[in-house]
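**Student:** Let me begin by handing over the structure; questions about it come next.
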Amino acid sequence: MAVHLFEGIPAYAFFGAVEEVMDELGGRPHWGKRHFQTAATLRGRYPEWDWFASVRARLDPDGRFASPGIERVLGPVASAAEAVAAGPQRKQRPSPR
């Protein structure tokens, strides 16, 4: 579901209330839209979060592609590096054939 407001309308209280409802329903925000989630609140909503963190740490070990916003929603790369030590834990999926 997408929720939009016209430019100039105070949005933080409104979006905060909508997000509270979505949290209760297990909703996940659109990555390109403003939201108030953090790595801590998002991790449990994505079954392959740790696998992604290990790939991120392997491909960007120095955090060159990180920013304050990325670190808020994905966590610092240093925590992803810990996932690399355990190795990728991605489940094998059956072929769609």
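The values are calculated or read from the model by the stated rules, or taken from the named source; none is laboratory data. For clarity, every value in this text was computed on a predicted model and none was experimentally measured. Every residue, glycine among them, receives a Cβ derived from its backbone with ideal geometry; neighbour counts consider all protein chains shown.
**Student:** Residues that are surrounded by 14 or more Cβ atoms within 10 Å (Cβ to Cβ) and of a type in the set (V, I, T): does the range 9-17 have at least one?
**Tutor:** Filtering the range 9-17 for residues surrounded by 14 or more Cβ atoms within 10 Å (Cβ to Cβ) gives 11, 15.
Going one step further and asking which of them are of a type in the set (V, I, T), we end up with none.
No, every residue in the range 9-17 fails to be surrounded by 14 or more Cβ atoms within 10 Å (Cβ to Cβ) and of a type in the set (V, I, T).
**Student:** Regarding A2, is this residue in a helix (DSSP H, G or I) and out of contact with any helix residue (DSSP H, G or I) (no Cβ under 8 Å at 6 or more places or on another chain)?
**Tutor:** Working: in a helix (DSSP H, G or I): no; out of contact with any helix residue (DSSP H, G or I) (no Cβ under 8 Å at 6 or more places or on another chain): yes.
The answer is no for A2.
**Student:** Residues in the range 77-87: is at least one assigned to a helix (DSSP H, G or I), surrounded by fewer than 14 Cβ atoms within 10 Å (Cβ to Cβ) and at pLDDT 90 or above?
**Tutor:** No, that holds for no residue.
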